[in-house]
Amino acid sequence: MSRPGFALEVDERTPPLLVRSGSAVRLERFSLGTQVVYAPDSEAWGDAPALAAGALAAPLSGPPLADRLRPGMRLTVTFSDVTVPTPWARDDVRRVLVERVLQAAATAGVDDVVLIAANGLRRRLTARDQQALLGERVCRSFAGDDRLQSHDAEDAAALTAVGDVDGVTVSLNRRVVESDLVVHVGVVSERDHGGWGEIATGLGSADTIDLVAGLRQRGGAVAEVLAGAVDVVAVTAVLGQPSSSGALRFLAAREWEWGIKEQVAYLGVRRALAAAPVETSRALYGSRTETYPVLAVVSGPVDKVQAAARRTLADAQTVTVKGQADILVSGVPNPVSQAPDADGTPLAPAWHVLSHVYGMSGSTPMVREGGAVIGFSKLGERFSSRHHSAAADFVAEVLPQTTDPAQIAEVYQPRFAADPWYLELYRHRNAFHPLHPFHLWYAMQPAIRACPDIVWVGADRRTAEVMGFRAATTYADALEICSTRLGRRPKVTYVRAAGQVQVQVS
Amino acid sequence: MSTREFASWADPSATPRARSARLSNPLAGFLRDVRQVATGWRWGRRPAVPLSLPASARGRAVERRTPRRALAAVAGRFRVTGLESGGSDSRVVLAHVESPADLAVLMDALPAAWRIVTARVPRALASGRSVLFVTDIATPDSAEVAAEAATLAARFQRELLPVVVRRLRPAPADDAPGPTARGPRPRLVDDVHVRFADPIRDGHAAGAARTARTAISRLLAEDDATWWDVLRGQAASPLAEPMAPWRRVWNRTAPSMAGGRQRKPIWR
């Protein structure tokens, strides 16, 4: 049986703790009394095919999938994209789920089948991405004649209106709307995965996605419109903690359990990154995949599936910490879900700490109002010219003018969203959509508003300044900066978790 | 022109970027790191465990080994499809292979947990190991081999698992350079596929043998069609029909151009 996650209180016997800063790793001594959040151990692997077969035969409500399929119908299978989970799964369970759905379709004599990746404003899938997600069989069967596609949020001909919210037209992928049945295959490894939000942000038009992920935050209203417009069966796998292998196994191991192998691996990785940072980072993280156990597979109506998946996930991931902290501390893994290289863009690491980690505890943040956040990242500006052109210009042109989200949304967002070069990169060069960096920035705002001091250890001073943050050379310096407002004995919570965790503040 | 006011030490218009780590001495911090690890883990003494560690977090983590299949697929030597269970349950594997090289690939692709044997079959099945039957579906005696495998599976109430190994036309290696006017030719590697069918659980040996042969012919049909076409019954493999081995080789090595002549390249 795997061990659950827990919150450790640092004492005299606690060894230095691992902190990740993008591709770099370091050991840090935390002050006595610091609460450290650890994720659960990796669970045993579930039998994904058996779980999938069971879920399709016995959905949460309604008839089994096989009974809903008939010859002559239009079936569309949509699936969440490669940003979930991060790092990539070594053997993605979505392959098994999609194969099971297609087997049922073939048995029922359904000929008109199209597969669509719900990538939304994230980069469209390459052939390698498709192969990694769906396997060789499905790709070879469907990729040849354009029946395996990535969603294009800017292709007006491939979108159709299904309603409106606040005067903004809600549009969805035309094939999805015109299908007799849509099966959405996804994985859930974090609290906010799945549901109508994933379908809206994966298969909607850019305007629709902006309603959900932009400043307006109208996800609930959009979900209502979609639920009345399309018939969707959700098939969702709940993933457990990933298990690392190879040289990076020490990342997930608890420090007091480190043997000589983990200590040597840590020292080796440190030295290799110091000698050749880019090359070593590429070798260690470039094609890194991890094995994810499958905790459960559920199918049925979108809302019910999301609720069931969340319950399973909460049972497996929840860690309770004592009270809100004055300072929230977090490292940044590599890769992060919004960028294949966490060292390359400052927005992705900032989003990871200020949106993902800050949101781990739901409506009650781990850090109190008026507290501080300390993150570990270089906030590097080695943007991928292929994936992150718009993000590079956002940091270089927009943030030096203003960090105010309302002003950014009013003045700069329309220009970026209509820029033909960014749209060309998104539609034909697998780049992120130009609205993507704006949405990352908006997602950080709750943390930025709540915490006046946000300090990045090891960050480029210019970039930190441009983003409205502060830079510190060491963790002690960062605490020193915060001490002017929070005193000399602040209550600190460090999220050490390698893997996914949900935090409950008692 | 910036409208925000920046700190003088971090003004983007006046401050150079942080120096690249590449310029630093890679050995500079090594001793410090070693000292930190040595003191942190109390080299020479028993490592300490934090006192606040909850009871549920004590004890060693269970080490889980990565499935061998995944490693093999990542290695890129062959592609495995349809293999869903790496568990240790005993089973009867009926494999279509055409050469010793294919058999070697198959042995590498089968999960180690299955503990495959090819000799003393009844005893192996009784002791919980898995057994492998190898045949070439296009040869006359393949029906007999399939029947024997199905009989044993029914007798010991094990599942019968059809599998084929296919070595398709050579494909350019992933790291090979593309064709250029004067450059080297791309390095070609065999495109090797190991395809597993769904396991067959049928108490009647004759029916299981027929189902297994059908499953193998469907797996073979994926060579020329696609998995989806085969699923819908729109493709069948001519290789599943009895034919002399030389004819199969002849068919697979036939030149792609009509008339059997290669088109001369327009460059030399």
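The values are calculated or read from the model by the stated rules, or taken from the named source; none is laboratory data. On a predicted model such as this, the values are computed, not experimentally measured, just so you know. Glycine gets a Cβ as well: all are built from the backbone with ideal geometry, and neighbour counts include every protein chain shown. Note: accessible area is taken over every heavy atom of the protein model, side chains too, but ligands, DNA and RNA are not part of it. Shrake-Rupley method; radii C 1.70, N 1.55, O 1.52, S 1.80 Å.
Exactly one condition in (1) of a type in the set (Gly, Ala, Ser); (2) surrounded by fewer than 24 Cβ atoms within 10 Å (Cβ to Cβ); (3) more than 10 Å from chain B (Cβ to nearest Cβ) is false for A:Ala200; which is it?
Every condition holds for A:Ala200 apart from (2).
Could you please find all residues in the stretch B:86-134 being open to solvent by less than 20 Å² (accessible area, probe 1.4 Å), more than 22 Å from B:Ala154 (Cα to Cα) and touching an Asp or Glu at 6+ places or on another chain (Cβ under 8 Å)?
Scanning the stretch B:86-134 gives a single hit, B:Val97.
State the number of residues belonging to the stretch A:414-441 that are open to solvent by less than 10 Å² (accessible area, probe 1.4 Å) and closer than 13 Å to A:Thr403 by Cα.
Narrowing the stretch A:414-441 to residues open to solvent by less than 10 Å² (accessible area, probe 1.4 Å): A:416, A:426, A:431, A:433-435, A:437-438, A:441.
Right, trim to closer than 13 Å to A:Thr403 by Cα and you get A:437-438, A:441.
Total meeting the criteria: 3.
What strands (runs of 3 or more DSSP E) completely inside the stretch A:91-173 contain at least 2 residues that are open to solvent by 50 Å² or more (accessible area, probe 1.4 Å) and more than 14 Å from chain B (Cβ to nearest Cβ)? Outline the logic, then answer.
Values: elements: A:112-118, A:148-150, A:159-165, A:168-173.
Of the strands (runs of 3 or more DSSP E) lying wholly inside the stretch A:91-173, those with at least 2 residues that are open to solvent by 50 Å² or more (accessible area, probe 1.4 Å) and more than 14 Å from chain B (Cβ to nearest Cβ) span A:159-165.
Go through the stretch B:1-59 and count every residue that is among the polar types (S, T, N, Q), surrounded by 11 or more Cβ atoms within 10 Å (Cβ to Cβ) and at pLDDT 80 or above.
Adding up the residues that qualify gives 3.
Which ones in the stretch B:61-87 are out of contact with any strand residue (DSSP E or B) (no Cβ under 8 Å at 6 or more places or on another chain) and at pLDDT 65 or above?
Narrowing the stretch B:61-87 to residues out of contact with any strand residue (DSSP E or B) (no Cβ under 8 Å at 6 or more places or on another chain): B:61-63, B:65, B:68, B:71, B:75-76, B:85-87.
Correct list: B:Ser85, B:Gly87.
Tell me yes or no: at least one residue of the stretch B:125-141 is more than 21 Å from B:Ala208 (Cβ to Cβ), assigned to a loop (DSSP other than H, G, I, E, B) and not small (Gly, Ala, Ser). Before the answer, list the steps.
Here is the first cut: in the stretch B:125-141, the residues more than 21 Å from B:Ala208 (Cβ to Cβ) are B:127.
When the remaining residues are screened for being assigned to a loop (DSSP other than H, G, I, E, B), the result is B:127.
Cutting the leftovers down to not small (Gly, Ala, Ser) gives us none.
No, the stretch B:125-141 has no match at all.
Given the residues A:Ser281, A:Ser245, which is the only one that is at the interface with chain B (Cβ under 9 Å from one of its Cβ atoms), more than 22 Å from A:Asn173 (Cβ to Cβ) and within 25 Å of the chain's Cα centre (by Cα)?
Numbers: A:Ser281 fails: at the interface with chain B (Cβ under 9 Å from one of its Cβ atoms).
None of the other options fit; the residue is A:Ser245.
Of everything in the stretch A:45-66 that's without any contact (Cβ under 8 Å) to a residue 60 or more places away in the chain and touching a helix residue (DSSP H, G or I) at 6+ places or on another chain (Cβ under 9 Å), which residue is surrounded by the most Cβ atoms within 10 Å (Cβ to Cβ)?
A:Pro49
If the Cβ limit is 9 Å and pairs must be 6+ apart or interchain, which residue in the stretch B:150-161 that is assigned to a loop (DSSP other than H, G, I, E, B) pairs with which residue that is surrounded by fewer than 18 Cβ atoms within 10 Å (Cβ to Cβ) and not aromatic (Phe, Trp, Tyr)?
B:Phe156/B:Pro122; B:Phe156/B:Ala126; B:Gln157/B:Arg201; B:Gln157/B:Gly203; B:Arg158/B:Asp89; B:Arg158/B:Arg201
Quick one: which residue in A:Ala409, A:Ala478 is of a type outside the set (Val, Ile, Thr) and surrounded by 22 or more Cβ atoms within 10 Å (Cβ to Cβ)? Let's see the steps before the verdict.
Values: A:Ala409 fails: surrounded by 22 or more Cβ atoms within 10 Å (Cβ to Cβ).
After ruling out the rest, the residue left standing is A:Ala478.
Would you list the helices (runs of 4 or more DSSP H) that sit entirely within the stretch A:182-283 and hold 3 or more residues that are out of contact with any helix residue (DSSP H, G or I) (no Cβ under 8 Å at 6 or more places or on another chain)?
Values: elements: A:195-203, A:206-213, A:219-229, A:260-275.
Passing ranges, in order: A:219-229, A:260-275.
Residue-wise test of (1) under 24 Å from A:Leu27 (Cα atoms); (2) at pLDDT 95 or above; (3) crowded, with 24+ Cβ neighbours inside 10 Å.
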residue	(1), (2), (3)
A:Asp326	yes, yes, no
A:Ala339	no, no, yes
A:Ala348	yes, no, yes
A:Thr364	no, no, no
A:Ala372	yes, yes, yes
A:Phe376	yes, yes, yes
A:Leu379	yes, no, yes
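Does A:Leu295 meet the test of being open to solvent by 30 Å² or more (accessible area, probe 1.4 Å), touching a Ser or Thr at 6+ places or on another chain (Cβ under 7 Å), more than 9 Å from chain B (Cβ to nearest Cβ) and closer than 20 Å to A:Ala39 by Cβ?
On the way: open to solvent by 30 Å² or more (accessible area, probe 1.4 Å): yes; touching a Ser or Thr at 6+ places or on another chain (Cβ under 7 Å): yes; more than 9 Å from chain B (Cβ to nearest Cβ): yes; closer than 20 Å to A:Ala39 by Cβ: yes.
Here the answer is yes, as A:Leu295 does meet what is asked.
When the stretch A:207-222 is examined, which residues are found to be under 26 Å from A:Gln500 (Cα atoms) and either in contact (Cβ under 8 Å) with a residue 12 or more places away in the chain or surrounded by 20 or more Cβ atoms within 10 Å (Cβ to Cβ) (or both)? So that I can check it myself, show each step before the final result.
At the first step, the residues of the stretch A:207-222 found to be under 26 Å from A:Gln500 (Cα atoms) are A:209, A:212-214, A:217, A:219-220.
Within the stretch A:207-222, A:Ile209, A:Val212, A:Ala213, A:Gly214, A:Gly219 meet the criteria.
Pairs needed: first member in the stretch A:256-283, of a type in the set (Lys, Arg); second member anywhere, open to solvent by less than 50 Å² (accessible area, probe 1.4 Å); C-beta distance under 6 Å; at least 6 residues apart or different chains.
Taking only residues 6 or more apart or on different chains, the pairs are A:Arg270/B:Asp33.
In the stretch A:426-452, what residues are polar (S, T, N, Q) and farther than 23 Å from A:His151 by Cα? If you could, list the steps in order and put the result at the bottom.
Here is the first cut: in the stretch A:426-452, the residues polar (S, T, N, Q) are A:430, A:445.
Once the filter is applied, which keeps residues that are polar (S, T, N, Q) and farther than 23 Å from A:His151 by Cα, the stretch A:426-452 yields only A:Gln445.
Applying the selection to the stretch A:447-505, what residues are assigned to a loop (DSSP other than H, G, I, E, B), within 14 Å of chain B (Cβ to nearest Cβ) and in contact (Cβ under 8 Å) with a residue 40 or more places away in the chain?
Of all residues in the stretch A:447-505, those assigned to a loop (DSSP other than H, G, I, E, B) come to A:451-452, A:458-460, A:467-469, A:473-474, A:487-491, A:496-501.
Retained after the next criterion (residues that are within 14 Å of chain B (Cβ to nearest Cβ)): A:458-460, A:467-469, A:473-474, A:496-499, A:501.
Correct list: A:Gly458, A:Ala459, A:Asp460, A:Met467, A:Gly468, A:Phe469, A:Arg496, A:Ala497, A:Ala498, A:Gly499, A:Val501.
From (1) more than 22 Å from A:Pro85 (Cβ to Cβ); (2) crowded, with 23+ Cβ neighbours inside 10 Å; (3) modelled with pLDDT of 95 or more, pick out the condition that doesn't hold for A:Glu178.
(2)
Only residues that are in a strand (DSSP E or B) and on the phi > 0 side of the Ramachandran plot: list them for the stretch A:361-378, please. Give the derivation first.
The first filter runs over the stretch A:361-378 and keeps only residues in a strand (DSSP E or B), leaving A:367-376.
Once the filter is applied, which keeps residues that are in a strand (DSSP E or B) and on the phi > 0 side of the Ramachandran plot, the stretch A:361-378 yields only A:Gly370.
If you check B:Val230 against the conditions, is it under 16 Å from B:Val165 (Cβ atoms) and either in contact with a Phe, Trp or Tyr (Cβ under 9 Å, 6 or more places away or on another chain) or modelled with pLDDT under 90 (or both)?
Numbers: under 16 Å from B:Val165 (Cβ atoms): no; either in contact with a Phe, Trp or Tyr (Cβ under 9 Å, 6 or more places away or on another chain) or modelled with pLDDT under 90 (or both): yes.
When the stated conditions are applied, B:Val230 does not pass them.
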